[in-house]
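Note sheet for the following structure.
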Amino acid sequence: GQNIDQPTEMTATEGAIVQINCTYQTSGFNGLFWYQQHAGEAPTFLSYNVLDGLEEKGRFSSFLSRSKGYSYLLLKELQMKDSASYLCAVRDTDYKLSFGAGTTVTVRA
Amino acid sequence: IAGITQAPTSQILAAGRRMTLRCTQDMRHNAMYWYRQDLGLGLRLIHYSNTAGTTGKGEVPDGYSVSRANTDDFPLTLASAVPSQTSVYFCASSEGDSYNEQFFGPGTRLTVL
C-alpha cells in the first residue's frame, strides 16, 4: 500500500510563490502525479515525475526524489485562479493511483 | 468530443435502495476507474478495469460492484445503499499500462439517507 502525506492548507499572496510538499511511503513506485482540483469540479492533470529531478511546465514545476520518498509542486507568480486543492498521487507497479488527502491553496489579493 | 461523462450529476437515495452510477468515455481508453472522494480522505479507488471484460478491486470495494462489457462504459452499482456511501464519486480513464495520466469525469454527488 501507499502512505501519502501533504499539508492540509496553505495561504499565499497573489504574485508570490508557494511550494507544496508531498512525502510518500510505498510498496511499489511507478511515477508521481500532481492534480489540480477546483471546488466542485473534477481533478485535472498538472504534472508527472518518474525520474529524480525537476519538471517545469510554465508557472508550475514538480520535483521528485525517489530515495527520499519526496516530491514538491512549485507554483510561481500566483494568480487568484490558482486557488484550488492540489492532489499528490503515487502510481504503483500495477498502474493504480493512490492519492494524498490534498492541499487547499488560498491565494489572497 | 465529450471525454468522460457521468450520470446522474447528483442523487438523493434512501438507504437499502439499489443504485447504478453511469460512466461513459469516448477516448477509447483501455483502463477505467471509480473513486470516491470524502472530505479529509482524498480520492480512494473503489474498482478498476484495465481492459474490457476485466475488473479488479481497489482500496474500498465493499458494497460496490462494477462491470465492463465494452470499452466505453463502466457502471458502478450499489446493491443496497448505506449512509456511509454518501460521497462524491468520480469515474476516470487512461490509456492503460503507460505513464499517461488519468482523465476524470465531472463526478456524481450521492447522498444516502
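The values are calculated or read from the model by the stated rules, or taken from the named source; none is laboratory data. Computed from a prediction, not measured in an experiment: that's the story for all the values here. A quick note on method: Cβ atoms are made from the backbone with ideal geometry, for glycine too, and the neighbour counts reach across all protein chains shown. Accessible surface areas use protein heavy atoms only, side chains included; no ligands, DNA or RNA. Shrake-Rupley method; radii C 1.70, N 1.55, O 1.52, S 1.80 Å.
The table below lists the values:
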item	result
So residue A:33, is it open to solvent by less than 20 Å² (accessible area, probe 1.4 Å), touching a residue at least 12 places away in the same chain (Cβ under 8 Å), within 14 Å of chain B (Cβ to nearest Cβ) and in a strand (DSSP E or B)	yes
Test: residue in the range A:18-28 that is buried (at least 17 other Cβ atoms within 10 Å of the Cβ), of a type outside the set (Asp, Glu) and either under 14 Å from residue B:43 (Cα atoms) or at the interface with chain B (Cβ under 9 Å from one of its Cβ atoms) (or both)	no
Within chain B, strands (runs of 3 or more DSSP E) holding 2 or more residues that are in contact with a strand residue (DSSP E or B) (Cβ under 7 Å, 6 or more places away or on another chain), without any contact (Cβ under 8 Å) to a residue 24 or more places away in the chain and open to solvent by less than 20 Å² (accessible area, probe 1.4 Å)	B:42-49
Index of the failed condition, residue A:63 passing every other in (1) at negative phi; (2) open to solvent by less than 10 Å² (accessible area, probe 1.4 Å)	(2)
Residues that are surrounded by fewer than 12 Cβ atoms within 10 Å (Cβ to Cβ) and closer than 21 Å to residue A:2 by Cα, drawn from the range A:36-51	A:51
Qualifying residue in the range A:43-56 (condition: away from chain B (no Cβ under 14 Å), touching a residue at least 12 places away in the same chain (Cβ under 8 Å) and under 21 Å from residue A:15 (Cα atoms))	no
For residue A:93: the one exception among (1) part of a loop (DSSP other than H, G, I, E, B); (2) over 24 Å from residue B:56 (Cα atoms); (3) touching a Phe, Trp or Tyr at 6+ places or on another chain (Cβ under 9 Å)	(2)
Any hit, the range A:38-55, residues being closer than 18 Å to residue B:90 by Cβ, assigned to a loop (DSSP other than H, G, I, E, B) and in contact with a Cys (Cβ under 9 Å, 6 or more places away or on another chain)	no
Some residue of the range A:88-107 being surrounded by fewer than 21 Cβ atoms within 10 Å (Cβ to Cβ) and more than 14 Å from chain B (Cβ to nearest Cβ)	yes
Selection from the range A:66-82 of residues that are open to solvent by 60 Å² or more (accessible area, probe 1.4 Å) and within 22 Å of residue B:106 (Cα to Cα)	A:81
